Every structure is written in structure tokens, then in C-alpha cells.
Protein chains: 6
Amino acid sequence: MVRTAITRRMTFSSGHRLYNPGFSDEKNREVFGDCSNPNGHGHNYVLEVTVSGSVAEDSGMVINLKDLKRIVAREIIDKVDHRNLNVDVDFMKDLIPTTENFAQKIWEILDRSLGKGLLDRIVLYESENNWVEIRR
Amino acid sequence: MVRTAITRRMTFSSGHRLYNPGFSDEKNREVFGDCSNPNGHGHNYVLEVTVSGSVAEDSGMVINLKDLKRIVAREIIDKVDHRNLNVDVDFMKDLIPTTENFAQKIWEILDRSLGKGLLDRIVLYESENNWVEIRR
Amino acid sequence: MVRTAITRRMTFSSGHRLYNPGFSDEKNREVFGDCSNPNGHGHNYVLEVTVSGSVAEDSGMVINLKDLKRIVAREIIDKVDHRNLNVDVDFMKDLIPTTENFAQKIWEILDRSLGKGLLDRIVLYESENNWVEIRR
Amino acid sequence: MVRTAITRRMTFSSGHRLYNPGFSDEKNREVFGDCSNPNGHGHNYVLEVTVSGSVAEDSGMVINLKDLKRIVAREIIDKVDHRNLNVDVDFMKDLIPTTENFAQKIWEILDRSLGKGLLDRIVLYESENNWVEIRR
Amino acid sequence: MVRTAITRRMTFSSGHRLYNPGFSDEKNREVFGDCSNPNGHGHNYVLEVTVSGSVAEDSGMVINLKDLKRIVAREIIDKVDHRNLNVDVDFMKDLIPTTENFAQKIWEILDRSLGKGLLDRIVLYESENNWVEIRR
Amino acid sequence: MVRTAITRRMTFSSGHRLYNPGFSDEKNREVFGDCSNPNGHGHNYVLEVTVSGSVAEDSGMVINLKDLKRIVAREIIDKVDHRNLNVDVDFMKDLIPTTENFAQKIWEILDRSLGKGLLDRIVLYESENNWVEIRR
């Protein structure tokens, strides 16, 4: 048995600050380093969303990329692009915006929006040198 | 237990048109968008072929990349590079040349050519923003 | 004196065939190789458009990238994306669609549309291994 | 006569907001779009610094890349990485942090630090799709 | 159930020669091609190290990337960067330095150093066109 | 007046060691750092060769890329790929194989081979983070 999966890559830019209010300033600096600087910084994120399933005979597609792109834009990109993750994004409230936490929230939202166990994997790049992958 | 897999990346350029003759023109436009334009367009495809298995002690290799490259060139690249997928490629006849259908045919051909369950995964990029992965 | 220039990168996919009707079939094959295959192939083109000039004090910009993007989309991308350069594109009629000829037409059109000598350079990639640059 | 130039590529991440206090909110939104969102966002910047000159016979170098890297780190990267350009960076105070303005300040600082007209070109990428180049 | 994994990408440059002293010169040339040239050549390697596990609530991290980077630098990069794999690297002694053998040694060392089954996958690129992946 | 230039990108892998026999060991270490390690290391080099001129009307080309590729392969790639620059390459004898010196030799050879002032620029990448450009 083989698995067929299709991926759409999308990009956005957000600001964030890694900071745990339950930590002392010294502890925040120790754990998060420069990422805890008070006035925040930001990243060009890259999000790859992978959907797997059977290929429909009449379209030759697992999912129409137009539909996948529309759903990811509506549920994620439009809410985080050119926004501050600590302040402006409802689904990130009360969470430290590490790549791990951010990716887990994106997974939960897309898994619910796509339904039927279609979501196979997401990869969220914070930079060219580090990224988080979640797969079922 | 760990799995060791080696990948070879190759590129080619093909023309195609996404079109289902059983659909009305309106339906083709709705499903395939600009990809159904009558005179076709094309892509720089990237194909990554991954083979897994044990590492031979005398060569230190899972498979000799020269052999892998030769097989992929003979079975796939030579038949699709600078060709029109709808018209010129025998194994794509009567199929809508979506990335999913194209990747599934490539998988079938390489799995048969390599034999012994060596083929582990292929990834076929249609553009920098969308690709299909098939794995065992 | 320094020169400040800003670049916008955009992508599109087109089909084409390199063929000179004044050449014999043998001569076409000799000059253009597989690029002269009768049913055409295609590429994911990348177009980088560079504008240089002074930086406006109130906006901090040489040109607003929204405006640059809109002009390039209207004048070029919308006319060539998912089209066949030999058949569907008015400004390429009666021209062999080599990267050189294609880039020169794009330069002429954008230089006229942008005006005031703003256009500084374009780079048109046909693949990751070859591209054409035109600069003033 | 030929020119020999050597380039070092470095990366950093900063936060910023494009906003002109002399503009109305409406005008800021019109000119800067989402980039004027109040709580800021950010980018993974890439900075390429190019130095040209003659090649010293005993080292075979235009400039020792260790020295170039050290100067760029001390003068630029250490001051902007994981910082907010609007708030934390002295040399960007009272400037709209567009890529153009940011690049011009980087040019001025590096040209002064390197001296002798060594600095040939800088390229500052704000994203994979837009960047600013300054050259002598 | 989903799996959350974080990856750190690092680079280094090494020299090597593929050669089996138990083979004749002719056999070495047949199996390893130009890679068996006597005076060696080299590569810019890219190493991606992936760790998976649960996300700690107080840090929002699977592993602190500073720690992961420090361990990979100490155990691997410092020992192989700007070194000759055949001569200078203890853990490669008596092994043909193919990408497969090299990756397996890196896996063993990092799996032992990280402990607790944290190591999920490594990918070792020898060039932009070939790489080896090991996963649990 | 505009300038039209076409570029071909090619890759190769070589070994080298940076070392000046007229320097003490200490001085070599100070100037060249780890690059002076006795047993050498190596790189995946990328070479971009740019030719400019008028576009021939019958071919639509500045130069046939097949010819350009053949000349660069014969004059450069075949002589340096999978070779040690200090030992195996005639045109690098008695030169410290820095990227600057290597690029200048490549420029001289290609300028002579191409003739007619066709060669416009070469860029030689030693890694993703540093490269040398020579232009007329």
C-alpha cells in the first residue's frame, strides 16, 4: 500500500516575543535568550500543509489546491500575517509563541477545518535553520 | 531499529494541460482554472527518488547513485523531459496529468524497475509551492 | 554617489517551443535540441524586476511595491501565466521564445509602463541553471 | 580591467512597523498596508556585504572574511538581531524602517567602518520576494 | 495522536576519498568513479537533526535549540568541520566515508548523546542533489 | 542602451588547503584558520558564467547554452571536479587556492576560450555564505 500526499507551501511574517510571565527576568533570559527581548522581533514564517488521501478519478486530485489554499488563508494566514503573535492573535493568547506551540495550534485548527482526517503533516519554518513538523 | 535511505534529486521540464474530456468547458474551468487553458503551459519539475535498505559493507552504499541515476533517467526523465505529458508520453495517455496522477505513474514504474521493495519514497515538485509525495 | 534599487520577485508558468520556421527540421534540431520538440514543453519562470531612484522622505520608498507588483502583474504575468508563449501571447508573436527574446520584450514593456527611466534591471530565470539579465 | 569582489552573507531577525507619524491613520494604511499594523511584525533579514579591491599576494584575499564578518557583526548584526527596529536601534531612530532606509543606514555605517572605499555593494533581503541593493 | 518534532540545520565542510583498500584500483574506479581520485576532494555538508517528544508547558519547547546546537557542535561539527574524514576523524577510521556510513555514525553518536530516544531523524546532504536520511 | 546577458550555472566538488609555505605555521593558522588544516577539506563549488552581447536574429540567442556548457566543462569542470586544487590542477599550481585566486584563474581561462570580450561576469560560490564575483 502506498500513501499519496499533496503539499501547499505558503508564507507570512509575524512579530513575537518568547517570555514566560511566571519566570523571573533572569530565568526568561536564560531559557529564551535574545528571543525574550522586551520590544519583540519577528520572522518570515513558511508553512507547508500536507493532505493525504485517495486520488479522485474525475479530477486526478487528492484535494483541489485552490480549496486548500483558501482554507489555510482564511483560518491561519489572514489571522497571523503582519500581526504580533503575543498580542493580535486570538488562538495564541496565553501561550508562549514558540514554533512548537504555534505549530500545534495551526495543526488543531487545520485538522478541524479540513475534517475527515485529511491533514497529514504540517511543517512550520521559523528560519532557514530551524523548523517544527507535526504529523499524525 | 533505524531506517537508512538515500535520495537522488533530478530535474526535467514538461508541458501539460489539465482537462477532463468528460467535463463541460465550464466545469473544466471551474475545477482546473488556468491549468485548463487550451494551448497548454508547462513546468520545471523536480523529482526526488528515495531508496532504503541495508548498507553493503564493501561499498558503504545502499545503492550506487550512478545506477539509481541511470535507471531514473532511462525509465522517466528521457521519456518526459522536453515533452508534452498529454501527447508525447505513453504512460500518461488517457490520464489527467495532475501532479498526483503523474507521481503515481512514476512510482509504479520505478517500483517495478528497482524491484525488491527498494523504492521508499518519491517527491515530485510541480513548483516551489506545491508537490506530491508517495511513500510505501 | 550610491545607487539604491529595490527588487520584486514574481513567478509564472508558461509553455513554449523553440523553432525557426526558416530553418530545416534538421537545423532546428541542431540549434534548439529537445527544445524544438513539436508538441512543446514549459517552465516555471521567475522574474525579478528592479527599480532604482531616490528614496522619498515621507514613505521611505523608491517605489511602493504594491504599485510595482500591480504593474508587473497587469503588463506581464496576467498575459503569460499558464499560457503558451508561441500561440497565446500577443507581444511574443513572430518571435522565437528564447529566454533572451522573452526578456527583451518584458524589458521594453515594463520600461514603457514604469516610465522616467525607473527600470534598472530585470532577471528572467528559465530554470535554476540558466537565466537572462538585462540592465540599462 | 576586471573587478574582483568578495561577498559574505549573514542573517538576522528583527521586528518593525512602517508608520509615518505625520500621516493620518488612513494615509498610513493606504501607503503601508498591513505593514502599519500597530503592534508590529517582523522578518528574517538576509544581508550580503560585498567588498572589492586587489588581491593580496601573500594571502590570496581581497579581505579576510573573518575580519569582514567581525566588523559586520559588531557594527550591524549585534545591534539589530532580535531587536525592534523602531524602538531598540539607535541608528534607525526617527526613520521609517523600510528596507530602503534600513539598507542606506547599513551602507553608511559599513562604508565608514571599512574605509578606503572598500565597500562595493550591499543587498538586504526582507523576504524571498523583495530586497534592496545599494552599490557605489 | 500527533508527533511534534523540531529540527536544527547546521553546515560544515570536509574532505574525503571513497576507496576500499580490499578492492583493486580498477574495482575502486568502477564502484566509486571520480570519488576515488587519490588526492581527495570535499563537500559542503548540511546536517539536519530532528528531535521529537512532548512540549514542556513552561518553555513551550521540545528541546531548547541552544542545547541541541551545543551538543551537535561538540559531538560532530567540531570534529569534522575543515577536516579530512579519512584521516582526521576518529569515529570514521576504517570506514569508507560514503554519506551512508557517515550518517550512520552521526546517528549513533547523537542518539547516545541525546539519550531517552529523543533523536527522531537526521538528514545529511552531501550536495544539493543527494542526501541520506536515517529515522527511527 | 541596454545590455543583455545570459548565465549558465554549473557545480563541482573539489578539495583544497589554504597555506602559504612562506608563512610560519602560526602565521598560517592566524591568517587561514581551520582552512590551513594539514590534511585538507573541500567544498561544493557553484560556478555561474555570464556572457553578454547582441541577440542573433535567427536563433534568438546571445550564445547557444550547449556551446557555453561544453566550453566551461572542457576548460574548467573536467579539470577541477573531484580533484584536489593544491595537487591535481595545473592552472592552480603555486597559488593559494582561495576563492579569489581560483576565480581569477577561471576568468582568465574562460575569457581566452570564449574570446571577443564575450565573458561578462563569473560568480564562484565556495559556500552558501561566501562567494567571489569578477566582472569586466
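The values are calculated or read from the model by the stated rules, or taken from the named source; none is laboratory data. Everything quoted here is computed from the prediction, not taken from an experiment. In this analysis, Cβ positions are derived from the backbone assuming ideal geometry, glycine residues included, and neighbour counts consider all displayed protein chains. Surface areas here come from the heavy atoms of the whole protein model, side chains and all, with no ligands, DNA or RNA. Shrake-Rupley method; radii C 1.70, N 1.55, O 1.52, S 1.80 Å.
Brief remarks follow.
- First in the range F:68-81 and within 14 Å of chain E (Cβ to nearest Cβ), second anywhere and open to solvent by 20 Å² or more (accessible area, probe 1.4 Å) and hydroxyl-bearing (Ser, Thr, Tyr), Cβ under 8 Å, 6 or more apart: none
- Matching residues in the range E:79-111 - criterion: being out of contact with any strand residue (DSSP E or B) (no Cβ under 9 Å at 6 or more places or on another chain) and open to solvent by 30 Å² or more (accessible area, probe 1.4 Å): E:79, E:90, E:91, E:93, E:94, E:95, E:105, E:108
- Restricting the range E:100-118 to residues that are small (Gly, Ala, Ser) and in contact (Cβ under 8 Å) with a residue 12 or more places away in the chain leaves a set whose member that is nearest to residue F:18 (Cα to Cα) is E:103.
- Just one of (1) open to solvent by 40 Å² or more (accessible area, probe 1.4 Å); (2) within 14 Å of chain D (Cβ to nearest Cβ) fails for residue A:21. It is (2).
- Selection status of residue C:26, over 14 Å from the mean Cα position of the chain (by Cα) and either more than 27 Å from residue F:59 (Cα to Cα) or crowded, with 17+ Cβ neighbours inside 10 Å (or both): no
- Within this structure, residue F:62 passes the test of being away from chain E (no Cβ under 14 Å) and in contact with a Gly (Cβ under 6 Å, 6 or more places away or on another chain).
- Failed criterion for residue F:94 (all others in (1) modelled with pLDDT of 95 or more; (2) on the phi > 0 side of the Ramachandran plot hold): (1)
- Output for the range B:1-16, where each listed residue is in a strand (DSSP E or B), open to solvent by 30 Å² or more (accessible area, probe 1.4 Å) and away from chain C (no Cβ under 12 Å): B:3, B:8
- Residue match in the range E:115-134 (condition: over 18 Å from residue A:132 (Cα atoms), crowded, with 19+ Cβ neighbours inside 10 Å and among the small types (Gly, Ala, Ser)): no
- The set of residues from the range C:24-50 being over 25 Å from residue B:90 (Cα atoms) and touching a helix residue (DSSP H, G or I) at 6+ places or on another chain (Cβ under 6 Å) comprises just one member, C:49.
- Selection of the range C:29-39 for residues being within 14 Å of chain B (Cβ to nearest Cβ) and either surrounded by fewer than 17 Cβ atoms within 10 Å (Cβ to Cβ) or hydroxyl-bearing (Ser, Thr, Tyr) (or both) yields C:29, C:33, C:34, C:36, C:38, C:39.
- Tally of residues being out of contact with any strand residue (DSSP E or B) (no Cβ under 8 Å at 6 or more places or on another chain) and not small (Gly, Ala, Ser) across the range E:35-78: 11
- Some residue of the range B:40-52 being over 30 Å from residue C:129 (Cβ atoms) and open to solvent by 20 Å² or more (accessible area, probe 1.4 Å): no
- Answer from F:106, F:134 - the residue that is at the interface with chain D (Cβ under 9 Å from one of its Cβ atoms) and closer than 19 Å to residue D:62 by Cβ: F:134
- Any hit, the range D:109-123, residues being in contact with a helix residue (DSSP H, G or I) (Cβ under 6 Å, 6 or more places away or on another chain) and within 26 Å of residue A:126 (Cα to Cα): yes
- Test for residue B:59: is it open to solvent by less than 40 Å² (accessible area, probe 1.4 Å), more than 28 Å from residue C:44 (Cα to Cα) and at pLDDT 95 or above: yes
- Long-range neighbours under 6 Å by Cβ, at least six apart or interchain, first residue of a type in the set (Gly, Ala, Ser) within the range C:82-99, second at pLDDT below 95 and crowded, with 22+ Cβ neighbours inside 10 Å: none
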